[in-house]
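Below you'll find the structure, written out as structure tokens, and then a few comments.
No lab work stands behind these numbers, since they all come straight from the coordinates. The shown structure was predicted, so the numbers you read here are calculated from the model rather than taken from an experiment. Positions of Cβ are backbone-derived with ideal geometry, glycine not excepted, and every protein chain shown enters the neighbour counts.
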Amino acid sequence: MIALSRCALEIQEAQMRADYPHYYDEIMSKTQVMHPPQALLIDGKGIKASSDKLVFTLVGGDFFRKGGLEVLRVFERLIPKHPQLQLNIVSRMKYGDYASQTTRHDLDAAMQIIARFPSQITHWPQLENAQVLELLKASDVGLLPTWGDTYGYSALEAQAAGCPVVTTNIRAMPEINNSDCGWVIDVKKDSFGNGILSSTKDRKLFSNQIEEGLEAYVCAIIKNPDVLAEKSRASLERIEKFHDPKSHALKLEQMYRAALND
């Protein structure tokens with residue numbers, strides 16, 4: 001059995017202990033962590049053409065679960081003072097997810113912010129994956145300050161495009177993002193890495209933590225944009241080291257051969 005992250009493995013271990021204790025040792029001995037493969041989308045130098053703009057990109061159908069409203073609130077405050085900021089959003093703007101529990105009112109608020117800054121905020125309801133990848137290649141920072149994700153594949157695609165990412169620290173995020181290759185917002189979470197979102201008060205605190213952390217990081221990038229090249233190179237290096245498709249395929253082949261020989 002394959003777990004996509006150490007976090008997923010720990011959750012599986014706990015469930016096996018609780019529900020199938022008699023099979024725990026046998027099953028867990030045949031389970032290992034294999035992060036998904038991701039090919040590099042640009043060469044390994046990680047140096048993008050300089051620009052007078054700072055381009056941030058958020059991709060995800062569940063806009064509010066991905067931290068989209070918090071992103072918009074931060075950019076709403078910062079764009080008037082820093083007009084070089086550009087925000088790309090690729091999302092169907094779905095709301096009402098299990099984590100944020102947002103409503104039509106939240107969607108209306110988000111669309112009003114987008115409409116207020118037509119020169120700085122661009123929204124696409126949907127793009128082909130190839131177009132999304134090109135957008136990431138042309139971006140400086142990826143955004144995934146998520147409320148709830150089992151993995152975070154868009155973060156891998158951004159890193160593979162030399163685009164360092166801002167994430168929260170839930171679930172597998174700390175395994176694929178860190179302060180060397182990106183920025184991590186610490187939020188309140190449980191022992192399995194899920195955000196604590198049980199009550200309205202919990203969700204408000206969680207939202208505030210995302211906003212405060214994201215705003216601090218964006219301001220730091222504005223103050224010192226030179227950090228982008230360093231984190232871009234580090235993003236490419238971690239993708240090549242931990243998600244190389246050839247290494248992933250070889251490891252899978254070795255697993256299958258070992259299983260056949262047992």
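For region 1-88, the Cβ-based charge dipole about the Cα centre amounts to some 540 debye (Lys, Arg positive; Asp, Glu negative; other atoms uncharged). Neighbour counts of other Cβ atoms within 10 Å put 189, 53 in the fewest-to-most order 53, 189. What whole-number distance in Å separates the alpha-carbon centres of region 165-225 and region 116-146? What the calculation gives is 20 Å, centre to centre.
Over 24 Å apart at the Cα level, from the set 53/188; 66/251; 137/241; 137/246; 30/189, are 53/188; 66/251; 30/189. Helix content alone sets the calculated 222 nm mean residue ellipticity of the chain: runs of n ≥ 4 DSSP H residues at -39500 (n - 2.57) each, divided across all residues, give -14500 deg cm²/dmol. Counting only DSSP beta bridges whose two residues both lie in the chain, roughly 5 percent are antiparallel. Put +1 on the Cβ of each Lys and Arg and -1 on the Cβ of each Asp and Glu in the chain; which of 249, 172, 260 then has its Cα farthest toward the positive end of the dipole? Comparing the listed Cα positions along the dipole, 172 ranks first.
Cβ-to-Cβ counts within 10 Å put 121, 27, 239 in ascending order as 27, 121, 239, the fewest first. Principal-axis analysis of the Cα atoms of the chain puts helix 68-78 at an angle of about 40° to the longest axis.
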